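Taking it in order: structure first as structure tokens, then the write-up.
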Amino acid sequence: MLNAIITRKAKQEFARAMKFDNGGTPDLTPRDVTKPRLLYIHIPFCEQLCPYCSFHRVVFNESLCRDYHHALRKEIILYRKLGYAFSGVYVGGGTPTVMMEELEETLFLAKQSFPLREMSVETNPNHLTDKNMTALKRIGVNRLSVGIQSFDNRLLKDMDRYEKYGSGEAVAERLLQALGYFDTLNADMMFNFPSQTASILDRDLDILLEIGMDQITYYPLMVSDLTRDTVYKTFGQVNYGKEEQFYHRIVERLVPPYRFSSAWCFSKKAAMIDEYIVDYDEYAGLGSGSVGYLNGMCYANTFDIAKYIAQVARGEMPVMAYRSFSGKDRMRYDFLMKLFGMKLHVPALKEKYGGIFHRVLWLDILAFSLAGGLRYRKPYFYLTKRGCYMWVIMMREFFIAVNNFRDFCRAHAAL
Ligand code: SF4
């Protein structure tokens, strides 16, 4: 009952927040250059497309991918000219490692342009070759995140990943060989896929623990409105009761030896790069279909790849839509993201919002505290065990709202 209320409220709230204004150019000039910010770079190319995926991605085309990286490097220069000094870079996709030499050149420019301390790149298991990993390490990548989803061969076949990335056994072997190359090797896993059973989940957890991954991120299945019918027809209904049971099982198996980095990310060591939306208050989104959050403004770059390349070539920011968040929206965003990272430092938010943080969000704080989701121990609010699952629900709905927005923009760009 409570979970259903949180789902409904979160759905309404995020659908409202993702309504962007069209047209106009937002002012992306940094207000305070010393603030730590992240550079997010999106590479929308994949060798083949997975049927359940709601990310902005297209089938890989070599010449388009080259032109795209060329445009990305121009966009990096546009941000450098605005005065940004990013301290970390996160390259997501799609499949960022689909064209390694171009990725290296793009990362090299980012490194030359900004005082980067952290570099994180996403990849797929078929790209975990010695050659690729050596190249990524040489350029300074210290976190590699690998899309695994499951080691179960039947599930991998259902997800259309078995032929592309190999059997669960082959993927586990590749992960073992990749351990030690980077500070953090992360496995992106999925739970609550309709055909996933409790024993499949347990076996996946056994394998992850046996490999000894540095970090494990367990995402719940997130289906956007547009892909819902396809997913339901192909794989079956999504059962949220099963989602809760599976989540608690994951936590029970992983914590300890792992610690929470966020409500769904588990790390072995203390000083590791976690999720950028938790670690950084602001981030720039570069590349087609990227979403950024700067100056209290959420903005999206055009999803039309050809248009993106043409706009950047003219020296224009390729922003297609943006929304300025009200003071209350910004506080709510911080409340959501900080607690997704397990704790919220009250004095820091009081300082950031001139002391009114408590007064504006008292109802949210009270409701989650009464529901047993939050606990206060000076100077922090912490997520309780119950609160962790509440935040999984809210972040699931947050990303579904982002996916719905992406679907809308992709349809607009005739993709
Ligand atoms: S799940 Fe990953 S590999 Fe599959 S289409 Fe989406 S981005 Fe590409």
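The values are calculated or read from the model by the stated rules, or taken from the named source; none is laboratory data. Treat the numbers as computed from the prediction; the structure is a model and nothing was measured. FYI the Cβ positions are ideal-geometry reconstructions off the backbone, even for glycines, and counts take in every protein chain you see.
What to note about this one:
- Considering the range 197-258, the qualifying helices (runs of 4 or more DSSP H), each wholly inside and each with 2 or more residues that are within 23 Å of Phe55 (Cα to Cα) and free of Cβ contacts under 8 Å to residues at least 24 places away in the same chain, run over 225-235.
- Annotation note: of Tyr68, Tyr90, Tyr79, the sole residue that is within 16 Å of the ligand (Cβ to nearest atom), part of a helix (DSSP H, G or I) and of a type in the set (Phe, Trp, Tyr) is Tyr68.
- Neighbours by Cβ (under 8 Å, 6+ apart or cross-chain): first from the range 42-66, farther than 18 Å from Val121 by Cβ; second charged (D, E, K, R) and within 9 Å of the ligand (Cβ to nearest atom): Gln48/Asp160; Gln48/Lys164; Leu49/Arg57; Cys50/Asp160; Cys50/Arg161; Pro51/Asp160; Val59/Glu47
Residue-by-condition table, conditions (1) charged (D, E, K, R); (2) more than 16 Å from the ligand (Cβ to nearest atom); (3) under 21 Å from the mean Cα position of the chain (by Cα):
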{"site": "Leu2", "(1), (2), (3)": "no, yes, no"}
{"site": "Ile6", "(1), (2), (3)": "no, yes, no"}
{"site": "Glu13", "(1), (2), (3)": "yes, yes, yes"}
{"site": "Arg16", "(1), (2), (3)": "yes, yes, yes"}
{"site": "Pro26", "(1), (2), (3)": "no, yes, no"}
{"site": "Pro30", "(1), (2), (3)": "no, yes, no"}
{"site": "His42", "(1), (2), (3)": "no, no, yes"}
{"site": "Glu47", "(1), (2), (3)": "yes, no, yes"}
{"site": "Cys50", "(1), (2), (3)": "no, no, yes"}
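- Residues of the range 167-194 classified as buried (at least 17 other Cβ atoms within 10 Å of the Cβ), hydroxyl-bearing (Ser, Thr, Tyr) and part of a loop (DSSP other than H, G, I, E, B), total: 1
- Residue check for Ile200: of a type outside the set (Gly, Ala, Ser), more than 14 Å from the ligand (Cβ to nearest atom) and within 15 Å of Tyr218 (Cβ to Cβ): yes
- Considering the conditions (1) surrounded by 14 or more Cβ atoms within 10 Å (Cβ to Cβ); (2) more than 16 Å from the ligand (Cβ to nearest atom); (3) modelled with pLDDT of 90 or more, Glu62 is excluded by exactly one of them, (1).
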